[in-house]
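The values are calculated or read from the model by the stated rules, or taken from the named source; none is laboratory data. The structure presented is a predicted model; accordingly, all values stated were derived computationally and were not measured. FYI the Cβ positions are ideal-geometry reconstructions off the backbone, even for glycines, and counts take in every protein chain you see. To get the accessible areas, we keep the full protein, side chains included, count just its heavy atoms, and leave off ligands, DNA and RNA. Shrake-Rupley method; radii C 1.70, N 1.55, O 1.52, S 1.80 Å.
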Amino acid sequence: MLEKTRGIVLKSVNYKDNSCIVHIYTELHGAQSYIINGVRNQKGAIRPSHIMPLNLVDLVVYHKENQDIHRIKELKCDPILRNVHFDMTRNSIALFITEILDACVKESESNPGLFSFLHHFIQILDLEDGALGNYPIAFLLQLSKYLGFYPDNNFEEGFSLQFLNGCFAPVERAEGRTMTKRDSRLCYEFMVNRDWHMIHLSKEDRSSLLNEMIEFYGFHALNGRQIKSHLILREVL
C-alpha cells in the first residue's frame, strides 16, 4: 500500500554494494526500517545526505503490514536542517539523541504526541542561537513523558529521586537506587522551569545530572543498552 508520512531519520546501515537499510521514526507507523537501493550511486534520487541522523523527511512509502523491511518511493528533507550536521556541539547532541531513540523507541505504531515532540525539538536544536548545554538533560526529561516514566511532581527540599518508581522521597525513606539530593533538586528545576535553557549549571553539575538521568533511563527504557555518546558531550558542552 502506497502511503505518505513524515519521518525522522535515526540511523542507516550499508547493505550490499550500493544499498542501505535506514531506520526512520514515522508519524503513521512509528519505528520502521526501509531498504534503499542505489543510495551511493551519483544518479540516485535519494543521496546519503538525505538520510543523515535526525533529518526531518517527507516520505512516500510502500507499506505492508507484518513486514519487517519496507521500500521508499520518494524521500525529501523538509524542513532542511541548516546547522545540526555542521556545528560540532549540535552534531554531538544529535548523535546522543539518536542513540537514545534507537535504544528506547521500538514500537511500530503511531504515537502522534511523541512524533510531534521530536519533530519540534529537533527544529529548536537546529535554530537555537543561545547556549545548548542543557539540551540533552531537557530532552531526556521531556522524552520520559512520552515513554511513560516521567518523575512524579512531589519534590521537597532534601528529597531524592528514586529510580525504580520515579518518585521523590526523603533520603532516609528512599528505596533502591536514588539520585543524589543535589541532582534531584536540579532535576526538579528542569521539571518546573519552562526556561530550562536558562538554568545555570557548572560543567560538573551538568555532567553529574546527565549521568544520573541516563542511569534513570537504564531502569525503564534502555533495554540493557550502554549509552556512550554522552562521553563526547562532556568534552563538547
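Of 132, 161, 118, which residue is surrounded by 15 or more Cβ atoms within 10 Å (Cβ to Cβ), modelled with pLDDT of 95 or more and within 30 Å of residue 87 (Cβ to Cβ)? Steps first, please.
On the way: 132 fails: modelled with pLDDT of 95 or more; 161 fails: within 30 Å of residue 87 (Cβ to Cβ).
It is 118.
Test residue 82 against the criterion of being in contact with a Phe, Trp or Tyr (Cβ under 6 Å, 6 or more places away or on another chain) and open to solvent by 70 Å² or more (accessible area, probe 1.4 Å), and give yes or no. Step through it out loud before you land on a result.
Numbers: in contact with a Phe, Trp or Tyr (Cβ under 6 Å, 6 or more places away or on another chain): no; open to solvent by 70 Å² or more (accessible area, probe 1.4 Å): yes.
No; evaluated as a whole, the condition is false for this residue.
Between 182, 194, which is surrounded by fewer than 14 Cβ atoms within 10 Å (Cβ to Cβ), at pLDDT 95 or above and closer than 29 Å to residue 130 by Cα?
On the way: 194 fails: at pLDDT 95 or above.
Of 182, 194, the one residue that is surrounded by fewer than 14 Cβ atoms within 10 Å (Cβ to Cβ), at pLDDT 95 or above and closer than 29 Å to residue 130 by Cα is 182.
Can you tell which of 16, 106, 43, 76 is open to solvent by 90 Å² or more (accessible area, probe 1.4 Å), closer than 23 Å to residue 3 by Cβ and modelled with pLDDT under 95? Please lay out each step first, then the result.
Details: 16 fails: closer than 23 Å to residue 3 by Cβ; 43 fails: closer than 23 Å to residue 3 by Cβ; 76 fails: modelled with pLDDT under 95.
Result: 106 is the single residue among 16, 106, 43, 76 that is open to solvent by 90 Å² or more (accessible area, probe 1.4 Å), closer than 23 Å to residue 3 by Cβ and modelled with pLDDT under 95.
Considering segment 162-210 alone, what residues qualify as being among the acidic types (Asp, Glu) and over 22 Å from the mean Cα position of the chain (by Cα)?
If we filter segment 162-210 for residues that are among the acidic types (Asp, Glu), which is where we start, we get 172, 175, 183, 189, 195, 204-205.
Hits for segment 162-210 are 172, 175, 204.
Among the strands (runs of 3 or more DSSP E) contained in segment 1-82, which hold 1 or more residues that are hydroxyl-bearing (Ser, Thr, Tyr)?
On the way: elements: 2-15, 19-26, 30-36, 56-62, 69-77.
Answer list for segment 1-82: 2-15, 19-26, 30-36, 56-62.
Give the residues of segment 194-215 that are in a helix (DSSP H, G or I) and without any contact (Cβ under 8 Å) to a residue 60 or more places away in the chain, sorted by residue number. Walk me through how you get there before you give the answer.
Let us first name the residues in segment 194-215 that are in a helix (DSSP H, G or I), namely 196-198, 203-215.
The answer is 198, 203, 204, 205, 207, 208, 211, 212, 215.
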